[in-house]
1. Give me the Debye-computed log₁₀ of I(q)/I(0) at q = 0.08, 0.11, 0.14 Å⁻¹ for the chain, equal point scatterers on Cα only, no solvent, two decimals.
2. Which of the helices in the chain meet the span-like rule: DSSP H, Cα axial reach of 24 Å or more, Kyte-Doolittle mean at least -0.5?
3. Taking the Cα-to-Cβ direction at Glu106 and at Ser19 and moving 7 Å from each Cα, how far apart do the two end points lie in nm?
4. Quick one: what do you get for the stretch 216-289 if you divide its Cα Rg by 2.2 N^0.38 Å?
5. Ignoring ligands, DNA and RNA, what accessible area per residue does the chain give at 1.4 Å, in Å²?
6. Hey, with R₀ at 30 Å, roughly what FRET efficiency would Ala154 and Asp71 work out to, going by the Cβ-Cβ distance, to 0.05?
7. Can you sort Leu301, Leu274 by solvent-accessible area, 1.4 Å probe, largest first?
8. Under 20 Å from a point 7 Å along the Cα-to-Cβ line of Ala354: which residues of the stretch 28-51 have their amide N that close?
Amino acid sequence: MGLFRNRRGTNPNRVGSFSDKQLVSAERQFGLVPVEDIDGTAAMAPDPRFEQVRQAVLAGDWQAAAAYLQDAGRDWAERSRRSNALAAQAVADDGWLLAWRTARREDPGAALVNARSLVDLAWEVRGGGLAGATTREQFAAFHRVLVQAGEAFAAAQELAGDDPCPFIAELPLAMGLGYDHEKFAALWSEVEHRDPHHVGAHHSALQYWCAKWRGSHEAAEEFGRAAAAKGVPGQLLSTIVLDAYFEYEITDETLNPGTYYQQPHIVAATDAALVDVAAAHTKDPHDRNIPPARHMLGHFLYWQNRYEEALEQFRTVDGYAGTTPWSYYGNPAERYARVRNYCAAQALHRNAAAR
């Protein structure tokens with residue numbers, strides 16, 4: 001949502017220990033994507049199937065959207081991803097969604113996409129600025145649309161059956177409307193009952209428990225550790241606690257990242273996430289939850305001086321930077337490229353020293 005930029009801005013921190021010429025040279029030697037060609041708005045290459053659907057709905061073909069969502073079946077993670085993509089498209093142009101809802105008034109898919117699109121619309125109305133830069137009118141419109149979204153989620157959940165997606169999609173609404181802990185716990189119990197290992201739901205819930213929303217650093221870390229403890233390699237739940245550690249560091253300017261990320265418990269969590277991501281890749285190399293995890297892992301490994309390991313993660317996802325941690329900086333592509341190139345330069349330096 002872009003509201004909580006790192007107060008360090010684009011400060012490269014330790015990246016400055018190599019000259020720009022050395023960093024670009026390392027980039028070229030490893031065949032990395034130049035910064036001007038990095039997509040700072042996406043975490044990975046677009047889904048070609050969705051691109052086809054997007055073109056179809058732009059032409060008014062709501063049936064293409066319905067089929068796209070239906071084809072996810074009972075893969076709840078995929079259904080969540082597809083419904084979110086359709087909802088974002090509906091914010092730009094909702095004529096096809098209105099036609100879908102009119103033609104199929106009791107369609108749970110249409111109800112889900114409609115509810116989620118209202119949350120996205122509310123954030124667009126609010127804008128991406130900090131509270132001090134947001135007008136009273138923007139806040140009023142933001143709240144008004146979120147209330148409408150709450151009503152839409154209630155309708156979608158009545159049609160959901162055992163589908164967790166309308167409950168998962170409500171999690172950002174819980175932040176926007178400031179659900180108290182009891183109300184959030186009730187929502188979360190509905191999610192866990194239906195899909196206790198849904199990694200996207202856990203990432204979203206972790207945000208609620210952060211200090212910037214309705215929790216605290218301690219609450220976020222507790223939630224992250226609990227998620228990691230109940231997961232097995234390949235489910236990516238070990239990455240949730242990395243989010244918690246990152247959120248703490250990014251909002252507390254008194255912390256020194258160079259020492260913070262090297263604490264033994266954070267190093268151990270990083271190691272567990274490496275195993276988790278490797279298992280997920282073996283299970284399904286095309287799992288679209290993996291690239292964001294690799295970006296975050298690269299960030300942690302960079303601060304732990306594990307440059308070759310960080311570079312391995314970056315080379316797998318190279319060309320894209322529209323995800324955390326980079327999205328917390330003013331220019332995600334630039335920050336990503338400088339960290340990546342620093343790791344590449346360190347790898348070259350260490351290889352040369354070892355000869």
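The values are calculated or read from the model by the stated rules, or taken from the named source; none is laboratory data. No experiment lies behind these values; they were computed from the predicted model shown. Don't worry about glycine lacking a Cβ; one is built from the backbone with ideal geometry, like all the others, and counts go over all protein chains shown. All accessible areas refer to the heavy atoms of the entire protein, side chains included, with ligands and DNA or RNA removed. Shrake-Rupley method; radii C 1.70, N 1.55, O 1.52, S 1.80 Å.
1. Log-scaled intensity ratios, in q order: -0.41, -0.78, -1.24.
2. Helices meeting the span and hydropathy rule in the chain are 76-92, 108-126, 136-158, 264-283.
3. The modelled label-to-label distance comes out at 7.3 nm.
4. Rounded to two decimals, the normalised Rg is 1.15.
5. 45 Å²
6. Rounded to the nearest 0.05, the efficiency is 0.70.
7. Leu274, Leu301
8. Hits in the stretch 28-51 for Ala354 at 20 Å: 28-32.
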